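Take a look at the structure below.
The values are calculated or read from the model by the stated rules, or taken from the named source; none is laboratory data. What you see is a predicted model; the values in this text were computed from it and never measured. We place every Cβ from the backbone using ideal geometry, glycine too, and count neighbours over all the protein chains shown. When the accessible area is computed, the model is the full protein with side chains, heavy atoms only, and any ligands, DNA or RNA have been set aside. Shrake-Rupley method; radii C 1.70, N 1.55, O 1.52, S 1.80 Å.
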Amino acid sequence: MATGKRILTGITTSGVPHIGNLVGAILPAIEASKASDTSSFLFLADYHSLIKNHDPDLTFNSSFEVAASWLACGLEPDETVFYRQSDVPHIMELAWILGCLTAKGLLNRAHAYKAAVSENEEENSADPDRGITMGLFNYPILMSADILMFNADVVPVGNDQKQHLEMTRDIANRFNHHYGNTFTIPEAQISDEAGVLPGLDGRKMSKSYGNVIPIFIESGGLSKLIKKVKTNSLEPGQPKDPEGCTLFGILKAFGSSGEVDDMRLRYEEGVGWGQVKTDLIELIDQRLKPFREEYLKISEDRDYVETTLRRGAEKAIEVADPVLERVREAVGIKSF
Ligand code: TRP
């Protein structure tokens, strides 16, 4: 394992990822894990998934699908500490300890909790906390434990996670102040929203909008999805504007700079929408093919995925063990 700065991020286990996840998170994280002056920690946030979902099959299958997806997209288990959160019970223990130090008021201000409360208020519910679990309420503490357990320096996350990182810093500072310097104060590395991949309907590609292209989709399915993308009514021969065009936005994420420049020129020359779609389908299909083949192979080798994650957990525990030891000692939980 490389030394140097520790980069850590958690992956929510919500099924097979889409190409927006691929270009926005998966490939950049894999690239970053290759740097020799950092060490990278990547984990499946499977205990987080219980917050939103109480279907055991879904929890189980999603976890596997996400693990297989990352491996299929090129994650190198020798370059990254890749593990399941649930294989490192230290995190749960730390979450309790941190919770005993965290003001309830801090969590009252969490965006996700506040959104749930205002939904109840809008519905004039007698109880503003109706349907809200302690899991949802405590989520930021579990996330803090995920991060502080490994003394991460840098945490790459989407903009929606910014507040959780601020809370983590807050909780770490409070612990350090009260019990003595124990935790590294992590920095958030917020991903650039400007480069977000457009979905099939032109909005940001997101599972919640139902406008995604799955990474491992077969050629036929891919073709159907791209053909459904809405375009304007300009005819072949009429110049077209690549800016703000959904098809062009998707092409930009996958094409080489030569291919992108070439297409820009053809837009100006008035290429027909049908032709743009045909070329785009071909290009994406070529790019996704190796991932698709790898995914099929890995999905059939459940032992490989299991063994890889177990080995990852062993490495993670080597790091977590001494930290938890220090934390227990600091709070006064130790042998007589
Ligand atoms: N909450 C994060 C998300 O929804 C996932 C996550 C869980 C995470 N624990 C983490 C990210 C720790 C970074 C660090 O995307």
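Which percent of the accessible heavy-atom area of the range 216-296 goes to carbon and sulfur, probe 1.4 angstrom? It would help to have the intermediate numbers written out before the result.
Values: 2290 of 4480 Å².
Roughly 51 percent, rounded to a whole number.
I'd like to know which of VAL319, GLY99, THR278 lies farthest towards the positive end of the charge dipole of the chain, counting +1 on Cβ of Lys and Arg and -1 on Cβ of Asp and Glu.
Positive-most Cα among the choices belongs to GLY99.
If you put +1 on each Lys and Arg Cβ and -1 on each Asp and Glu Cβ, how big is the dipole of the chain around its Cα centre, in Debye rounded to 20?
Values: 35 positive and 49 negative charges, 79 e Å.
The dipole of the chain has a size of about 380 debye.
Starting from the Cα of LYS224, step 7 Å toward the Cβ, then list every residue of the range 56-99 with an amide N under 18 Å from that point.
none
Calculate the spin-label point distance for TYR209 paired with SER256, positioning each point 7 Å from the Cα along the beta-carbon direction, and give it in nanometres.
3.0 nm
Apply 1/(1 + (r/R0)^6) to the Cβ-Cβ distance of ASP37 and MET92, taking R0 = 25 Å, and write down the FRET efficiency to the nearest 0.05.
Numbers: r = 31 Å, r/R0 = 1.26.
Plugging the Cβ-Cβ distance into 1/(1 + (r/R0)^6) gives 0.20.
Under a straight-distance cross-link criterion of Cα-Cα below 23 Å, which lysines are reachable from LYS204, leaving out those fewer than 8 residues away in the same chain?
Within reach: LYS52, LYS162, LYS224, LYS227, LYS228, LYS230, LYS240, LYS252, LYS277.
Suppose the chain between MET134 and ASN108 were pulled fully straight at 0.36 nm per residue; how much longer would it get relative to their current alpha carbon spacing?
Values: separation 26, 0.36 × 26 = 9.36 nm, distance 1.17 nm.
Length gained between MET134 and ASN108: 8.2 nm.
Could you give the nm distance between label points at GLU123 and ASP160, where each point is 7 Å from its Cα heading toward the beta carbon?
Calculated label separation equals 1.9 nm.
FRET efficiency for ARG174 and ASN53, Cβ-Cβ distance as r, R0 = 41 Å, nearest 0.05? Show your work: numbers first, answer last.
On the way: r = 31 Å, r/R0 = 0.76.
FRET efficiency, ARG174 to ASN53: 0.85.
In degrees between 0 and 90, to the nearest 10, how far off the longest principal axis of the chain does helix 56-72 point, with axes built from Cα atoms?
Long axis of 56-72 versus the principal axis of the chain: about 60 degrees.
Round to the nearest 10 and report in Å² the accessible area of HIS178, as given by a 1.4 Å probe over the protein chains' heavy atoms.
130 Å²
What does the C-alpha gyration tensor say about the overall shape of the chain? Classify as rounded when a/c is under 1.5, otherwise prolate if a/b is larger than b/c, or oblate.
Working: a/c = 2.18, a/b = 1.69, b/c = 1.29.
The shape class here is prolate.
Assign unit charges at the C-beta atoms only (+1 for Lys and Arg, -1 for Asp and Glu), then state the dipole size of the range 216-296 relative to its Cα centre in Debye, rounded to the nearest 20. Don't skip to the end; give the middle numbers.
Numbers: 12 positive and 14 negative charges, 76 e Å.
Here the size comes out at about 360 debye.
Packing-wise, with mean Cβ within 10 Å as the measure, how do 275-285, 66-76 rank, highest first? Numbers along the way, then the final one.
Working: 275-285: 17.4, 66-76: 21.2.
In descending order of packing, they fall as 66-76, 275-285.
Report the extension gain between THR278 and ARG264 in nm, rounded to one decimal, defined as 0.36 nm multiplied by the number of residues separating them, less their alpha carbon distance. Before the final figure, lay out the partial values.
Details: separation 14, 0.36 × 14 = 5.04 nm, distance 1.55 nm.
Contour length minus the Cα-Cα distance gives 3.5 nm.
Given a 1.4 Å probe, how much area per residue of the chain is accessible, in Å²? Don't skip to the answer; put the middle values down first.
Values: 17520 Å² over 336 residues.
Roughly 52 Å² per residue, with all protein chains present.
Expressed as a rounded percentage, what relative contact order does the chain have, with Cα pairs under 8 Å and six or more residues apart? Mind dumping the intermediate values first?
Numbers: 456 pairs, mean separation 72.4, N = 336.
Worked out over the chain, it gives 22 percent.
Let me check against my output: what whole-number percent is the relative contact order of the range 174-299, with C-alpha pairs under 8 Å and at least 6 apart?
On the way: 107 pairs, mean separation 31.4, N = 126.
For the range 174-299, the relative contact order is 25 percent.
Which one, ALA253, ALA25, ALA112, has the greatest fluctuation when you compute a Gaussian network model over the chain with C-alpha springs under 10 angstrom?
ALA112
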